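Working notes, beginning with the structure itself.
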Number of protein chains: 2
Amino acid sequence: MTSAAGPRPDDGGARTAPARRPGGRSALVRARVLDAVRAQLLEHGYDELTVDAVAARAGVHRTTVYRRWRDVGGLLADVLDAAGGDDWRPRDTGSLEGDLTALNREVHQALTERPSITAALIAASFRSAEAAEALRRFWDDRYARCEAVVDRAVRRGEIPAATDARRLLVAATAPLYHHLVLLRTPPDPGLPGHAARAAALAASAGAFAEP
Amino acid sequence: MTSAAGPRPDDGGARTAPARRPGGRSALVRARVLDAVRAQLLEHGYDELTVDAVAARAGVHRTTVYRRWRDVGGLLADVLDAAGGDDWRPRDTGSLEGDLTALNREVHQALTERPSITAALIAASFRSAEAAEALRRFWDDRYARCEAVVDRAVRRGEIPAATDARRLLVAATAPLYHHLVLLRTPPDPGLPGHAARAAALAASAGAFAEP
């Protein structure tokens, strides 16, 4: 499963079906290199994430890596772009609060699992402008997909039609990132549901439907 | 002004009144060293933040710095502890939404000013466990002070008496950190008020008064 907060391992299907299309070998190299980036980042952190270490780990010639990804920023950006290339969709539970809780549980899981590639990529985004930009793109795409949750709630009449989907979605998920990434409070299994419920109540009260 | 999101320059009064108390010289050294840490971090980033660079910049002997602060983590932690040693209190505007908006404006200002020592310390917290722990302490103290905002709202009858102050305060402020630190969206002058209003509406609806 690739989550909402995402960046999970993702090989784009390359390893399971390398021969199905032209570019199969290129896709295979990409999968091995991106696997190596994730493993190196998780095991040794950003400080030991170098093109040479990734090439050695992937068993790929270093000039291949330099030519295709240029540097560590390019490698991290491609890990995030690959993670965004999946078909993840938010769950449909039948209610706004249920959908937001399901979403928050995925975010919570991605941020608290050990090791967490999501947490490692967030940390890396403070070192590499290219990773920061790729993370921004990744989340932007995830929040765009989650707008379906808000559309459904509007159609069910749970919240006003003029609700700003992005503001509602950020309000629902932000407390998880704040607690787990910045405040570094111990994980609280009640947090996904609490934050979802607060955002759903605010949305029902019209908090996200105003100018 | 030292803000809610805080970590602003703070000399503990040492430079303006060095002779008033015993330890004046020690306080003066501390103020100079912590000023140097902040300036070095803002100008050159964490990678060039070394004990030697700080000592040189502060005009203090390096063994003094090593003895008192040990390493970069110790220096960053003391910057945060010094910032938390002020008398900051949240504004009293007469309404929950007004108080939360005022608080969020301070957070917004601290995160968007250029250069932002707050943003630099957050970034450093991903490099130094000691800085991360000191930042956690700093925010914990700030949120504790902000509980006065929630107490006042309960006394005015705006929100239920059983409201969990911390959950409400995190819900109000988290969207700012999420947008400005992680999502890296362009600053939006409407954000402080929007996030405050959503949290106040959720609180009125009892979202933070449940088990």
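Just need a number here: residues in the range A:170-211 that are within 22 Å of residue B:183 (Cβ to Cβ), more than 8 Å from every other protein chain (Cβ to nearest Cβ), outside any loop (DSSP other than H, G, I, E, B) and within 20 Å of the chain's Cα centre (by Cα).
Residues meeting the conditions: 6.
Can you find, within the range B:160-169, the residue that is farthest from the other protein chains (Cβ to nearest Cβ) among those that are assigned to a loop (DSSP other than H, G, I, E, B) and open to solvent by 40 Å² or more (accessible area, probe 1.4 Å)?
My answer is B:161.
Is one or more of the residues making up the range A:65-75 within 27 Å of residue A:189 (Cα to Cα), surrounded by fewer than 16 Cβ atoms within 10 Å (Cβ to Cβ), of a type outside the set (Lys, Arg) and modelled with pLDDT of 95 or more?
no
All but one of (1) of a type outside the set (A, V, I, L, M); (2) modelled with pLDDT of 95 or more; (3) open to solvent by 70 Å² or more (accessible area, probe 1.4 Å) hold for residue A:97; state the number of the condition that does not hold.
(3)
Would you pick out the residues in the range B:112-159 that are among the polar types (S, T, N, Q), crowded, with 19+ Cβ neighbours inside 10 Å and not in a loop (DSSP other than H, G, I, E, B)?
Passing the criteria: only B:118.
Go through the range A:49-100 and report how many residues are part of a helix (DSSP H, G or I) and charged (D, E, K, R).
9
Is it the case, given these coordinates, that residue B:118 is touching a helix residue (DSSP H, G or I) at 6+ places or on another chain (Cβ under 7 Å) and under 23 Å from residue A:123 (Cβ atoms)?
In short, yes.
For the range B:170-211, what are the residues that are in contact (Cβ under 8 Å) with a residue 60 or more places away in the chain, within 20 Å of residue B:122 (Cβ to Cβ) and open to solvent by less than 60 Å² (accessible area, probe 1.4 Å)?
B:172, B:173, B:176, B:177, B:180, B:181, B:191, B:192, B:195
The values are calculated or read from the model by the stated rules, or taken from the named source; none is laboratory data. It should be emphasised that the depicted structure is a prediction, and the values quoted were computed from it without experimental measurement. Ideal geometry is used to build each Cβ from the backbone, glycine not excepted, and the neighbour counts take in all protein chains shown. Heavy atoms of the whole protein, side chains included, go into the accessibility calculation; ligands, DNA and RNA do not. Shrake-Rupley method; radii C 1.70, N 1.55, O 1.52, S 1.80 Å.
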